[in-house]
Amino acid sequence: MIYVKNISYMMTHIFFLVFVYLFTIHRYSRRKTLAVCFLSFLLTTVMNQLKLNFITDSPLFYFFTTIAQIAVAQLTGLLISEKRDSRTLFVGLSASNYVAAGSITASILYIFTGSIGLAMAGSLLSHVVILLVLCFKIRDMIFKFCERDLEKSRWEICLIPVFFYCSLSSIAFFPYTLYDHPENILVSIFLMITMLVSYVVVLRYLSSETKHMEEYWKNVMFESYIKGLESQNYLAEQSKRNLKILRHDMRHFSMMIDSLLDQKEYDEIKNITGHINEVVNENKVDQYCENLVVNTILMKMTEQAKSLRITLRLDALIPRQLPVNEYEFAMVLANLLENAVFSAKNAAPSENPINAKMHCTSEYLLIDIENDCVQEIRFDSITGLPKSSRGKGHGLGMQSVQAFCDKMGGTIECYCENNRFRIILYVKF
């Protein structure tokens, strides 16, 4: 019996670490991550040998050693993960449940067959099958859930694996095992099935919520784009009317200029030509770049800056056809420029403008924005990007920028010096 438990627990620890390794986004290199996992396996195995083979007559020692093993296992996941938050803990706790299912399978097979070899083979097969099914079914969902920065923490989702683990443990392992009460086998089987189904449902819900948030931001961008087009259309129509009036009045201006030439009133002629040029310039529709979508966003942000009496200097080199998704790119520009305008609005009035350089060629993409900033900026310890201080519902724009940069394989650098904030996004194609 002890031999079966030794092998079963060792197999459980191995598959637990495999699950954590496969279902987390790593902070360290592959070699360092594997080294941490190996040290964790050695430590849990030593504790396992102590409670099963050396100090076997103390239930209290068994209990606290098991708690220590759980703590070491969960800390391993948090240590190797890039994001040490509730989602990483959720993955680690879920891994404990999945490998517990494999251990219960070994116990059930041994009870019914009495064969150690068959029990171990069945346990190994169940671990492999569960791991493969989860890799194909929910690994992508978990990665998408973990990659996205959350507006708020989701510690409550960790309660799901905690209660499942406590239920499985109390029925199959502690204080009495399935060997002591084989009548609990059927309950254990149905509980494992319920657990697997519940995880799929919860992760599908989280995935659906993530897609909903993505669609929301797409709709926000399209709404801004449509409003920009409406504004462009209104300006074009207004310019068309004003220029039509100007063309109608040109014959009168021509007669006045001829008359003033005869009278040698050259200064007055300059005033007339200046007025004509002023009317033409006022009715000129600004074009910041050749791409319609990006130009619409830039025009909208320029209008917003002007309404707040903020100088926005644009250096845009954007071709008509972009090597990236033009809607995603326009959304990134809108988010960064909006943040710059908001920051400059809160700063004291100054002559320092917002300098925004946007170059996109077939070889590289560069966004370089600099603006005044008087408020203290808090930077994320992992991404290095600024955190929003505007409370709930804000900060998602910077997450969108980070997602775009990660997708394109680019880099983002930002810093604040002498009350001037600067952010640079660079992608080499």
## Note on the structure
So the FRET efficiency between SER86 and THR45, C-beta based with R0 = 41 Å and rounded to 0.05, is 0.90
### Query
Once fully extended, how much extra length lies between HIS359 and MET10, figured as 0.36 nm per residue of separation less the alpha-carbon to alpha-carbon distance?
120.0 nm
### Task
Note down the nm distance, to one decimal, between modelled labels 7 Å out along Cα→Cβ at HIS181 and at VAL162.
2.3 nm
### Query
What is the spin-label model distance, in nm, from VAL197 to THR56 if the labels are put 7 Å beyond Cα along the C-beta direction?
4.0 nm
#### Entry: 11 Å beta-carbon shell around PHE90, net charge (K/R +1, D/E -1)
0
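Going by the alpha-carbon gyration tensor, a ≥ b ≥ c the square roots of its eigenvalues, is region 287-429 rounded (a/c under 1.5) or, if a/c is not under 1.5, prolate (a/b greater than b/c) versus oblate?
The shape class here is oblate.
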### Query
When only C-alpha pairs under 8 Å and at least 6 residues apart count, what is the relative contact order of region 287-429, in percent?
22 percent
### Query
Residue by residue through region 107-119, which ³J(HN,Hα) values in whole Hz follow from phi under the Karplus form 6.51 cos²θ - 1.76 cosθ + 1.60 (θ = phi - 60°), with glycine and proline marked x?
5, 5, 5, 5, 5, 7, 10, x, 9, 5, x, 5, 5
### Query
For PHE174 and ARG30 in one chain, what is 0.36 nm times their gap in residues minus the Cα-Cα distance, to one decimal in nm?
48.3 nm
## Note on the structure
Simple SL model, points at 7 angstrom along Cα→Cβ for PHE64 and LEU261; separation in nm is 10.7 nm
### Highest average packing first - 330-340, 38-48, Cβ atoms within 10 Å
330-340, 38-48
### Task
Restricting to region 287-429, compute how many DSSP beta bridges are antiparallel as a %, nearest 5.
80 percent
## Note on the structure
Stretched fully, the stretch from VAL129 through ILE272 gains (0.36 nm per residue minus C-alpha distance, one decimal, in nm) 42.9 nm
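Coordinate-derived values only; no laboratory data. Just so you know, these numbers come straight off a predicted model, no measurement behind them. Backbone-built Cβ (ideal geometry, glycine too); neighbour counts: all protein chains shown.
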